1. What order do you get for 135-141, 119-125 when each peptide is scored by the mean count of other beta carbon atoms within 10 Å, highest first?
2. Give the Kirkwood hydrodynamic radius (Å, one decimal) of the range 115-157, defined as one over the mean of 1/r across all pairs of different Cα atoms.
3. Among 40-53, 91-104, how do they line up from the highest to the lowest mean number of other beta-carbon atoms within 10 Å?
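Please treat every number below as a calculation from the coordinates, not as lab data. Bear in mind the structure is a predicted one, so any value in this text is a computation, not a measurement. Cβ coordinates were reconstructed from backbone atoms using ideal geometry, including for glycine residues, and neighbour counts include every protein chain displayed.
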Amino acid sequence: MDHAHAHQEHHEHADHHDGDHGDHGRVSWAMAAKATLHCLTGCAIGEVLGMIIGTALGWGNLATMILAIVLAFLFGYALTLRGILGAGVDLRTAVRVALAADTLSIAVMELIDNGVIALWPGAMDAHLSDPLFWIVLGIALAAAFVITTPVNKWMIGRGKGHAVVHAYHH
């Protein structure tokens with residue numbers, strides 16, 4: 001399925017389910033929250049895994065944070081790819097769709113998430129066994145969700161982000 005066909009199919013689908021998604025101008029907060037939660041899941045997996053690996057290897061804060069960010073992007077993209085490939089889309093198209101759908105969302109999420117962790121007193125030096133690590137991580141991910149949801153709503157409303165992915169699921 002080419003991008004133009006998927007985009008047209010999305011428009012047709014949107015016309016049939018006006019109350020759920022509406023046209024590009026009327027996107028429900030539920031749809032935006034679902035897209036954000038999808039990104040958050042991949043980001044959280046990557047973040048925690050990066051922190052565990054960096055800590056286990058005795059890396060410094062900067063190297064550990066870079067690894068966590070890289071893994072957050074990889075897991076975020078991987079979750080989207082899994083859904084698109086499951087819809088029977090070829091790998092090249094699936095990768096292009098995942099990059100288009102998730103890059104801004106993951107970038108905003110990582111900026112907020114890592115910004116909270118970096119600015120929270122003592123959070124960067126907290127170990128995995130320290131409750132402060134998990135409390136700040138939870139707060140950082142919650143803040144990232146709250147701030148990224150309107151970004152995703154705006155993108156979906158313009159036919160970008162997860163609106164592109166949505167076209168491949170139907």
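1. Details: 135-141: 17.7, 119-125: 13.0.
Peptide ranking by packing, descending: 135-141, 119-125.
2. Details: mean 1/r = 0.0881 Å⁻¹.
Every distinct Cα pair counted, the radius reaches 11.4 Å.
3. Numbers: 40-53: 20.6, 91-104: 18.1.
Top of the packing list down: 40-53, 91-104.
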